[in-house]
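Asks: Quick one: the structure is below, and I'll ask about it shortly.
Laboratory data are not the source of any read-out in this text; all were calculated from the coordinates shown. For clarity, every value in this text was computed on a predicted model and none was experimentally measured. Don't worry about glycine lacking a Cβ; one is built from the backbone with ideal geometry, like all the others, and counts go over all protein chains shown.
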Amino acid sequence: MNPKNPVIMWFRQDLRLRDNPAFSSALKTKAPIVFVYIWSDDGSNQWPMGGASRWWLHQSLHALDAQLLKRGTALIIRRGDSLSSLKTLAQETSATAVYWNRRYDPHGRAADLQIKSTLLSMNIPVHEYNGTLLIDPDLLTNKTGHPYQVFTPFWRRYQTEMFDIARNAVPTQLPSSGKRLHSVSLETLNLEPTIDWAKGIRATWTPGETDALRRLKTFIRTQCVSYEHGRNRPDQNHTSQLSPYLCFGEISPKTIWHELTAQLGSDREKAFHVSAQAFLRQLTWRDFAYHLLYHYPQIPTQPLRAKFNRFRWNENAQSLASWQRGLTGYPFIDAGMRQLWTTGWMHNRVRMITASFLTKHLLQPWQRGAEWFWDTLVDADLANNSMGWQWVTGCGADAAPYFRIFNPITQGIKFDPNGNYIRQWVPELGTLPIPWIHQPWEAPPLLLAEHQVSLGVTYPYPIVNHPQARKRALETFTALQSDMDSSFVDTS
Ligand SMILES: Cc1cc2nc3c(=O)[nH]c(=O)nc-3n(C[C@H](O)[C@H](O)[C@H](O)COP(=O)(O)OP(=O)(O)OC[C@H]3O[C@@H](n4cnc5c(N)ncnc54)[C@H](O)[C@@H]3O)c2cc1C
């Protein structure tokens, strides 16, 4: 390889320098590196990035560029079709190779295959790595040689693994080609909203690799110990909130695994060990979701259990809108939906309950819910989102049984016992005492008046009656279950 000619490092969902295997390998060539991000919004992706993710991407690219500038180089941003943009860049720079971390979504995989073969025909080899997952999906099969469809054996397999991270420190100076290359400005990508709805998101998050590492350290030092007993409490702060950082690859799951397991050898208390295991198990759910998406690429739109295609949903735009806007009249549900809208994130327990409410109480198709999450979550992730929705609905791999219908009142009482989560996100009920805050329609009228709550005026009546909605859902699901598909058999 001619040492004067550069190599290209193409960033995608791996917006970091630390533990980035493609970047580490590019560095090892000792050639100058051209760092590029390509924004393609040509409509070819069935899942174009949602609004909240675009906001995040803007900040994340800015943060990555700052890291590169500190090291004497910069991020080149190009807009347009990835293949043409890369070809042009390779020709402009006489690059000898391209480095990237693999993508696992159907659109990314198909595009990468084509780009790789075109570049190869130009005599430019592509070097690709796993920078996103703990284990690459095509390296894993169950005992019968098939993809895993059940989580427990998948997790068992991970418990025996050690994950190596790219250990080399990021140099303070990076080899640059010295050539001035055209880059479009970040602003021209129009990733940020024109009407500023992102105030709450901005107040909640600081995208970028630096904050990802800071969050991980804080989590390990202070929160992890209570993860096992507290992770279902949306009114408290026991989970890592690393999901958007993982989603944009600002931190790698291997770094998380590595930093956490390094503590397991220490003399930290037993609760820490138990919680760390629980946390790593959750992290492995992420790999499981990617495993499913890789082997069953239809899951963003199609139920894994094919008979669910015949499910009799009751599509209704008004029900969907009430759910989206957090106006269902069920305070715990509304709190979750408003947390999502305001901050771009929702606690996992509440994701499960709001998703169950949409699909079971309101009988709206899970795909409508997944689309809304896709647009509003800063951690919108095709694999996790598709698996999460199918799991709750009961039509996915290793899913919750269809007859599990979360009770939106008792779930609130159990996981938000003092009503503080509701008080934060549904302020119009903020002073209502326990237990009425969980079911204001049961409160004595005088008490409601005392707290300035006027049902149907300041806060809605429940849009469905819980016992009736539960019965309707069970009947609909039972009708389908009677001839449920048995073709999707667990073979793990
Ligand atoms: C209907 C539904 C939709 C979801 N959509 C998404 C999504 O678009 N993007 C997303 O990242 N997660 C999604 N999840 C999974 C989960 O809710 C979030 O990953 C989690 O709430 C993120 O918070 P955290 O980082 O504090 O998690 P922690 O509890 O701190 O866990 C650490 C990491 O492990 C992974 N993880 C944890 N729980 C799960 C899980 N159940 N499934 C997959 N990975 C998990 C995440 O990457 C998370 O950041 C969804 C869950 C449901 C039920």
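Asks: Once a ≥ b ≥ c are taken as the square roots of the eigenvalues of the Cα gyration tensor of segment 306-481, is the result rounded (a/c under 1.5), prolate (a/b larger than b/c) or oblate (a/b not larger than b/c)?
Replies: Numbers: a/c = 2.04, a/b = 1.54, b/c = 1.32.
The shape class here is prolate.
Asks: Hey, another quick one. Excluding ARG281 itself, calculate the net charge of residues whose Cβ lies under 14 Å from the Cβ of ARG281, where each Lys or Arg counts +1 and each Asp or Glu counts -1. Let's see the in-between values first.
Replies: On the way: positive: ARG156, ARG157, ARG231, ARG286; negative: GLU161, GLU228, ASP287, ASP398.
Surrounding charge for ARG281 is 0.
Asks: At q = 0.11, 0.12 Å⁻¹, work out log10 I(q)/I(0) for the chain with the Debye formula, treating every Cα as an identical point scatterer and leaving solvent out; two decimals please.
Replies: So the normalised log intensities are -0.99, -1.15.
Asks: Taking the Cα-to-Cβ direction at ALA110 and at VAL184 and moving 7 Å from each Cα, how far apart do the two end points lie in nm?
Replies: Between ALA110 and VAL184, the label points sit 2.2 nm apart.
Asks: Next up: Identify, among PHE151, LEU447, ILE437, the residue whose Cα sits farthest towards the positive end of the charge dipole of the chain, taking +1 on the Cβ of Lys and Arg and -1 on the Cβ of Asp and Glu, with the dipole about the Cα centre.
Replies: Farthest towards the positive pole: PHE151.
Asks: How big is the charge dipole of segment 306-481 about its Cα centre, in debye rounded to the nearest 20, if each Lys and Arg gets +1 on its Cβ and each Asp and Glu gets -1 on its Cβ? Could you put the intermediate results ahead of the total?
Replies: Working: 15 positive and 12 negative charges, 109 e Å.
The dipole magnitude comes to about 520 debye.
Asks: Something else about it: Find out how many positive minus negative residues lie around ARG214, taking Lys and Arg as positive, Asp and Glu as negative, among other residues whose Cβ is under 15 Å from that of ARG214.
Replies: Values: positive: ARG16, ARG18, ARG215, LYS217, ARG221; negative: GLU209, ASP211, GLU250, GLU259.
Surrounding charge for ARG214 is +1.
Asks: Report, in listed order, any pair from LYS4/LYS30; LYS199/LYS360; LYS87/LYS254; LYS270/LYS414; LYS143/LYS254; LYS116/LYS143 with a Cα-Cα distance greater than 21 Å. Could the numbers behind the result be given before it?
Replies: Values: LYS4/LYS30 9 Å; LYS199/LYS360 32 Å; LYS87/LYS254 32 Å; LYS270/LYS414 26 Å; LYS143/LYS254 25 Å; LYS116/LYS143 32 Å.
Check vs 21 Å cut-off fails for LYS199/LYS360; LYS87/LYS254; LYS270/LYS414; LYS143/LYS254; LYS116/LYS143.
Asks: Relative to the Cα centre, what is the charge dipole magnitude of segment 7-131, using +1 at the beta carbon of each Lys and Arg, -1 at the beta carbon of each Asp and Glu, and rounding to the nearest 20 debye?
Replies: Numbers: 15 positive and 10 negative charges, 72 e Å.
Roughly 340 debye for segment 7-131.
Asks: From the Cα gyration tensor of segment 282-380, with a ≥ b ≥ c the square roots of its eigenvalues, which class applies: rounded if a/c is under 1.5, or else prolate if a/b is larger than b/c, or else oblate? Could you put the intermediate results ahead of the total?
Replies: Details: a/c = 2.13, a/b = 1.22, b/c = 1.75.
It comes out oblate by the Cα gyration axes.
Asks: Given the -39500 (n - 2.57) contribution per DSSP H run of 4+ residues, what per-residue ellipticity at 222 nm results for the chain, rounded to the nearest 500 deg cm²/dmol? It would help to have the intermediate numbers written out before the result.
Replies: Working: 20 runs with 217 residues, N = 492.
Per the formula, -13500 deg cm²/dmol.
Asks: OK, next. Of the peptides 174-180, 255-261, how do they stack up when ordered by the mean number of other Cβ atoms within 10 Å, highest first? Walk me through the intermediate numbers first.
Replies: On the way: 174-180: 14.7, 255-261: 18.7.
Most protected by this proxy first, the peptides run 255-261, 174-180.
Asks: What do you get for trypsin sites (Lys or Arg not before Pro) in segment 239-333 restricted to DSSP loop and a cutoff of at most 11 other Cβ within 10 Å of the site's Cβ?
Replies: Numbers: sites: LYS254, ARG268, LYS270, ARG281, ARG286, ARG305, LYS307, ARG310, ARG312, ARG325; in loops: ARG268, ARG305, ARG312, ARG325.
Qualifying residues, ordered by number: ARG312.
Asks: Further question on the same structure: Can you tell me which aspartates and glutamates have their Cα less than 20 Å from the Cα of LYS471? Leave out same-chain residues fewer than eight positions away.
Replies: GLU315, ASP483
Asks: So if I place +1 on the C-beta of Lys and Arg and -1 on the C-beta of Asp and Glu, and nothing else carries charge, what would the dipole magnitude of the chain be about its Cα centre? I want it in debye, nearest 20. Mind showing how you got there, number by number?
Replies: Working: 51 positive and 41 negative charges, 143 e Å.
The calculated dipole for the chain is roughly 680 debye.
Asks: If you don't mind, there's one more thing I want to ask. Is the shape of segment 160-211 best called rounded, prolate or oblate, per the rule: a/c under 1.5 gives rounded, else a/b larger than b/c gives prolate, else oblate, with a ≥ b ≥ c the square roots of the Cα gyration tensor eigenvalues? Kindly include the intermediate steps, with their values, before the conclusion.
Replies: Values: a/c = 2.96, a/b = 1.25, b/c = 2.37.
Oblate, because a/c is 1.5 or more while a/b does not exceed b/c.
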